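Right, one structure below, let's go through it.
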Amino acid sequence: MSHFSIAHFKGPVTLDAILFNTLLADIAILWAKFALGKALFDLEFLKSDADTMGKGRFFRYPNMGWWWVHLFALGLVYALGNFFWK
């Protein structure tokens, strides 16, 4: 989303243009929804057990590593697609 906003940005770079002519507000809303959803998930399914999160592999689902791996993997796929099939 951010690459699309930067690639298709027209006009002078002002605070008003960045806030209303890009997808910055949408990105901020999605990050806030992700943080809230992650907090609710941890409260509901992990029952605030500190030792539960430390067990297992870093990239397995209950850990934050699962989200980071998918975030970087999707970003890499998008970047490669944009680079090779432009």
Completion exercise
With the first residue restricted to region 1-18 and required to be touching a residue at least 40 places away in the same chain (Cβ under 8 Å), and the second required to be loosely packed, with under 10 Cβ neighbours inside 10 Å, Cβ contacts under 6 Å at 6 or more apart or on different chains are none
Completion exercise
Every listed condition ((1) part of a loop (DSSP other than H, G, I, E, B); (2) modelled with pLDDT of 85 or more; (3) surrounded by 10 or more Cβ atoms within 10 Å (Cβ to Cβ); (4) not hydrophobic (A, V, I, L, M, F, W, C)) holds for PRO12 save (3)
Problem - Residue that is nearest to LEU76 (Cα to Cα), among those in region 1-34 that are among the small types (Gly, Ala, Ser) and under 13 Å from the mean Cα position of the chain (by Cα) - result: SER2
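The values are calculated or read from the model by the stated rules, or taken from the named source; none is laboratory data. If you're wondering where the values come from, they're calculated on a predicted model, not measured in any experiment. Because the Cβ atoms are built from the backbone with ideal geometry, glycine has one as well, and the counts that use them run over all protein chains shown.
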